[in-house]
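Trainee: Before we start, here is the structure in question, set down as structure tokens.
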Amino acid sequence: MKHWRRRSSAVLTIVLQVLILMLPEPGVAMTMDQFLTSLDMIRNGCAPKFKLKTEDLDRLRVGDFSFPPSQDLMCYTKCVSLMAGTVNKKGEFNAAKALAQLPHLVPQEMMEMSRKSVEACRDTHKLFKESCERVYQTAKCFSENADGRFMWP
């Protein structure tokens with residue numbers, strides 16, 4: 001178990017370092033290409049930790065939350081959000097931190113929609129007790145408030 005934690009911690013560190021290298025200069029928005037690349041990198045950092053179907057991940061990618069999630073899929077959304085720094089280990093969403101992170105996480109053309117989703121979903125996690133479900137339901141809320149433009153790693 002300790003070896004797995006050390007290995008996943010190393011993978012997470014590498015993914016985060018690469019994401020930092022991809023960040024645009026301060027004051028310069030992330031491009032859509034950079035955003036799509038970051039989604040793939042985050043997926044690659046989290047997906048191997050869980051038993052997931054590629055089809056389910058692809059559905060989440062385009063904001064399709066219309067199917068019953070497995071516990072692993074819900075915990076995958078938690079892993080993604082932990083990497084983005086927008087939730088804590090209890091699955092509690094930090095809207096203020098998410099809003100501050102948006103310029104580093106999404107391209108300019110998604111900024112307003114993302115702000116709107118964060119504001120609409122800031123308290124969704126409070127309706128659920130289990131940490132992975134909290135994050136999954138918050139992500140689902142984002143999708144429902146994104147005017148069809150939601151994307152998930």
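The values are calculated or read from the model by the stated rules, or taken from the named source; none is laboratory data. A quick note: this is a predicted structure, and the numbers were derived from the prediction, not measured. For neighbour counting, all protein chains shown are included, and Cβ atoms are generated from backbone atoms with ideal geometry for every residue, glycine included. What goes into the accessible areas is simple: the full protein's heavy atoms, side chains included, and nothing from ligands, DNA or RNA. Shrake-Rupley method; radii C 1.70, N 1.55, O 1.52, S 1.80 Å.
Trainee: If a residue counts only when it is in contact with a Gly (Cβ under 7 Å, 6 or more places away or on another chain), which helices (runs of 4 or more DSSP H) contained entirely in segment 30-85 have at least 1 such residues? Steps first, answer last, please.
Mentor: Details: elements: 32-46, 54-61, 71-84.
Where helices (runs of 4 or more DSSP H) fall fully within segment 30-85 and carry at least 1 residues being in contact with a Gly (Cβ under 7 Å, 6 or more places away or on another chain), they are 71-84.
Trainee: Which pairs do you get when a residue that is in contact (Cβ under 8 Å) with a residue 24 or more places away in the chain, found in segment 76-95, comes within reach of a residue that is of a type in the set (Gly, Ala, Ser) and assigned to a loop (DSSP other than H, G, I, E, B), reach meaning Cβ atoms under 7 angstrom, with the pair 6+ apart or on two chains?
Mentor: Lys78/Gly91
Trainee: Let me ask another. Tell me, which residue of segment 103-117 that is open to solvent by 10 Å² or more (accessible area, probe 1.4 Å) and in contact with a Ser or Thr (Cβ under 9 Å, 6 or more places away or on another chain) is modelled with the lowest pLDDT?
Mentor: Leu105
Okay, residues lined up against (1) more than 17 Å from Phe150 (Cα to Cα); (2) open to solvent by less than 20 Å² (accessible area, probe 1.4 Å):
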site	(1), (2)
Pro48	yes, no
Leu57	no, yes
Arg61	no, no
Ser81	no, yes
